[in-house]
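First comes the structure, then the notes that go with it.
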Amino acid sequence: MSDFLDALRERVLIFDGAFGTWVQAQHLGPDDFGGEALEGCNEHVVLSRPDLIARMHREYFDVGVDAVETATFGAFGVVLAEYGIQDKAYEINEAAARLAKGVAAEFATPERPRFVIGSIGPGTKLPTLGHIAFADLRDSYVTQIEGLLAGGVDVLLVETVQDLLQGKAAIVAARRAMATAGREVPLMVQVTVETTGRLLLGSEIGAALTTLEAMRPDVIGLNCATGPAEMTEHLRYLSHHARTLLSCLPNAGLPSVVDGHEHYDLTPEVLADAHDRFVSEFGLNIVGGCCGTTPAHLRAVVERIGTRAPVPRNIEFEPACASIYSPVTFHQDTAYLAIGERMNANSSKKFRTAMIDGDWDTCVQLAREQVKEGAHVLDLCVDYVGRDGRVDMAEIAGRVATQAGLPLVLDSTEPQVIEAGLQHIGGKAVLNSANLEEGEAPGKRFDRVMSLAREYGAAVVCMCIDEQGQARTADRKFEIARRIRDLAVDRYGIEPSDLLFDCNTLTLATGIEESRKDGVETIEGIRRIKAELSDVWTVLGLSNISFGFKPAGRHVLNSVFLHECREAGLDAAIVHAARILPMHRIDDQVRDVTLDLIYDRRTESYDPLTEFM
Ligand code: THG
């Protein structure tokens, strides 16, 4: 276990204040930075003037803080490349961590350990806007974090997240680096909410929480951009909904420009007042400062907060996925979760044609139409024989994610196509789908999809399919669902509330004897899964039931079947939302025949299938 998490269970911890502001106040010359070419590269000061950085850490520990951050905010290849020293990333991080650990050791006592927090900033490139590929950004972070771990940091802190996709890249990197190092440390992530009330790229706090919590950090919090006052409502949200511990490192107020320099004028007293209130009202676990805060600010905070046990919170967890902008809860009060089906290269001619023509505007337009039609989430399937799905997915996922604004369901039979999508979307996605057709061995499809869900923090649609094929009876559907649930939870650490089980219905149009009961078995399968696995969701690719019928008949059958499935407890459906008719709009007699078809109520002189046609 970690001393840091043990300490957090007992009391509120206080972090240090700003690094950049402190360095700026030292009025350094070119030599301090290690030469003119490196002037302004704060991270390099760790190598050129380690004594200065040590003094800064000492000044913060002197006023009584529990933890200091390493001087590594921009110490990774993407940023260091601007100074031509990207090769020094590992060295700087290791040195910065070792340096801070040395100073911490001067202050630590058995009763009062002092911690070193590895700082990981956002850098200068936004993956959501295509400035950098997810994998390149991730790998750049891996090197930084390997250095931090080698230097002995106690905690990793991904801070000042402005683009959720960037935050995810850093967290994925942290997990990979910890696995390589064979050393696990607690992981914190902090987002930056601008005065607009959103992150730079437009994410609401709810989208940030849903997306980042799914990546299992130990602490979620806010830092930078504003002073404490502007953070209040976002902290209230986190306090009510986050299952993680909470942190808050505000700036010393909103900056103003004085003599060409950013100037912060929140006094130490006002910062201490704010933290006092946040700790008691919102149950924060970690407080500290960001830009403009000085040792004097932190002294005031230490004096005010003292040694306090964290205040317990009442948490209302809402299972959800998220677009980069907003969360969408899986539970819908008045409706089922409508997943738009129309961006499917197999099943929608319009989408397929646009995709093959590289007509991305039309793809985005199809997404937007579905938003208007009432979809809550959008399914995206680019699978099409003879094309590289990874390329199509990479082109379309990012565009739709930012321009349509709904969460995405990444629908593909190929795990690498799903991963290509994951590397382009900032929100929390749903993967479609996992099944046990190839069994549960490592490297097989089930393992690969579940591993992606865990690594990228996604929910998963699970098909009731195993080594023996598609489950056709309610019993088999239920047995497979239970097996998948247990594997997902026990082996992959996925939360049950991130699983959506698909009882995979097939068309009723063939009339062959063995498919006559498919509709009823699906309905019963849903009923059993909801009754016996109470913590998971159910979903259905609705339109499958009517493949082969004429369009008007399809709309009726889809609508009536959806109604019956919902009565049985169906939570979500992949649908063309505009084509779903309310039951009262369907003629009574037509509805009765449709129900007879679904429930296979035949007599010697009556076949609802013939009647329905
Ligand atoms: N379960 C899960 N995922 C799925 C399915 C499922 N993904 C794919 C599919 N089944 C669900 N998606 C669709 C999309 C479109 C249609 C049916 C299912 C469809 N389209 C019309 C047609 O083919 O006639 C429209 C054609 C057009 O617009 O050109 O029926 O079961 N987990």
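The values are calculated or read from the model by the stated rules, or taken from the named source; none is laboratory data. Note that the structure is predicted; figures quoted are calculated from it, not measured. Positions of Cβ are generated from backbone atoms using ideal geometry, with glycine treated the same way; all protein chains shown enter the neighbour counts.
Things worth noting here:
- Boolean, residue 596 is under 17 Å from residue 510 (Cα atoms), over 35 Å from the mean Cα position of the chain (by Cα) and either part of a helix (DSSP H, G or I) or more than 12 Å from the ligand (Cβ to nearest atom) (or both): yes
Residue by residue, here is whether (1) charged (D, E, K, R); (2) touching a Phe, Trp or Tyr at 6+ places or on another chain (Cβ under 6 Å); (3) in a strand (DSSP E or B) holds:
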position	(1), (2), (3)
71	no, yes, no
75	no, no, no
81	no, no, no
93	no, no, no
101	yes, no, no
106	yes, no, no
113	no, no, no
124	no, no, no
128	no, no, no
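- Residue in the stretch 409-421 that is farthest from residue 208 (Cα to Cα), counting only those that are more than 13 Å from the ligand (Cβ to nearest atom) and either part of a loop (DSSP other than H, G, I, E, B) or in contact with a strand residue (DSSP E or B) (Cβ under 7 Å, 6 or more places away or on another chain) (or both): 414
- Within the stretch 543-571, tally of residues that are near the ligand (Cβ under 10 Å from one of its atoms) and aliphatic (A, V, I, L, M): 1
- The one condition in (1) buried (at least 17 other Cβ atoms within 10 Å of the Cβ); (2) outside any loop (DSSP other than H, G, I, E, B); (3) within 12 Å of the ligand (Cβ to nearest atom) that residue 530 fails to fulfil: (3)
Residue-by-condition table, conditions (1) among the polar types (S, T, N, Q); (2) within 13 Å of the ligand (Cβ to nearest atom):
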{"residue": "342", "(1), (2)": "no, yes"}
{"residue": "353", "(1), (2)": "yes, yes"}
{"residue": "359", "(1), (2)": "no, no"}
{"residue": "398", "(1), (2)": "no, no"}
{"residue": "401", "(1), (2)": "no, no"}
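- Scan the stretch 428-463 for residues that are under 30 Å from residue 519 (Cβ atoms) and more than 16 Å from the ligand (Cβ to nearest atom) and the total you get is 3.
- Whichever residue in the stretch 502-527 is among the aliphatic types (A, V, I, L, M) and part of a helix (DSSP H, G or I) and, among such residues, is nearest to the chain's Cα centre (by Cα): 526
- Residue check for residue 338: more than 26 Å from residue 199 (Cα to Cα), in a strand (DSSP E or B), aliphatic (A, V, I, L, M) and out of contact with any Pro (no Cβ under 8 Å at 6 or more places or on another chain): yes
- Any hit, the stretch 464-474, residues being within 24 Å of the chain's Cα centre (by Cα), part of a helix (DSSP H, G or I), crowded, with 18+ Cβ neighbours inside 10 Å and more than 15 Å from the ligand (Cβ to nearest atom): no
- Failed item in (1) away from the ligand (no atom under 16 Å from the Cβ); (2) without any contact (Cβ under 8 Å) to a residue 40 or more places away in the chain; (3) not small (Gly, Ala, Ser), with residue 425 passing the rest: (2)
- A search for C-beta distances below 8 Å between a residue of the stretch 430-449 that is assigned to a loop (DSSP other than H, G, I, E, B) and any residue that is within 12 Å of the ligand (Cβ to nearest atom) and not aliphatic (A, V, I, L, M), counting only pairs 6+ apart in sequence or on different chains, returns 435/462; 435/464.
- All conditions but one from (1) within 20 Å of residue 434 (Cα to Cα); (2) part of a helix (DSSP H, G or I); (3) in contact with a helix residue (DSSP H, G or I) (Cβ under 8 Å, 6 or more places away or on another chain); (4) within 10 Å of the ligand (Cβ to nearest atom) apply to residue 540; the one that does not is (2).
- Among residues that are surrounded by fewer than 22 Cβ atoms within 10 Å (Cβ to Cβ), more than 14 Å from the ligand (Cβ to nearest atom) and assigned to a helix (DSSP H, G or I), residue 392 is not included.
- Complete set of residues in the stretch 407-421 that are closer than 18 Å to residue 164 by Cβ and touching a residue at least 60 places away in the same chain (Cβ under 8 Å): 407, 408, 409
- Residues in the stretch 58-86 that are surrounded by 24 or more Cβ atoms within 10 Å (Cβ to Cβ), touching a residue at least 60 places away in the same chain (Cβ under 8 Å) and within 28 Å of the chain's Cα centre (by Cα): 67, 69, 70, 72, 75, 76.
- Residue list for the stretch 305-334, filter: within 20 Å of residue 61 (Cβ to Cβ) and in contact with a His (Cβ under 7 Å, 6 or more places away or on another chain): 305
- Scanning the stretch 366-389 for residues that are within 19 Å of the chain's Cα centre (by Cα) and within 15 Å of the ligand (Cβ to nearest atom) turns up 377, 378, 379, 380.
- Residues that are of a type in the set (A, V, I, L, M) and within 15 Å of the ligand (Cβ to nearest atom) within the stretch 327-340 comprise 337, 338, 339, listed in sequence order.
- Pairs meeting the criteria (first residue in the stretch 190-215 and on the phi > 0 side of the Ramachandran plot, second residue assigned to a helix (DSSP H, G or I) and hydrophobic (A, V, I, L, M, F, W, C), beta carbons under 9 Å, at least 6 apart or on different chains) are 197/205.
- Residue match in the stretch 505-515 (condition: under 25 Å from residue 431 (Cα atoms), among the acidic types (Asp, Glu) and either within 15 Å of the ligand (Cβ to nearest atom) or modelled with pLDDT under 95 (or both)): no
Here is a yes/no grid of residues against (1) surrounded by 24 or more Cβ atoms within 10 Å (Cβ to Cβ); (2) among the β-branched types (Val, Ile, Thr); (3) in contact with a helix residue (DSSP H, G or I) (Cβ under 9 Å, 6 or more places away or on another chain):
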| residue | (1), (2), (3) |
| --- | --- |
| 402 | no, yes, yes |
| 416 | no, no, yes |
| 428 | yes, no, yes |
| 461 | yes, yes, no |
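- Any hit, the stretch 207-225, residues being buried (at least 22 other Cβ atoms within 10 Å of the Cβ), at pLDDT below 95 and not hydroxyl-bearing (Ser, Thr, Tyr): yes
- Of the residues making up the stretch 292-317, those that are charged (D, E, K, R) and surrounded by 15 or more Cβ atoms within 10 Å (Cβ to Cβ) number 3.
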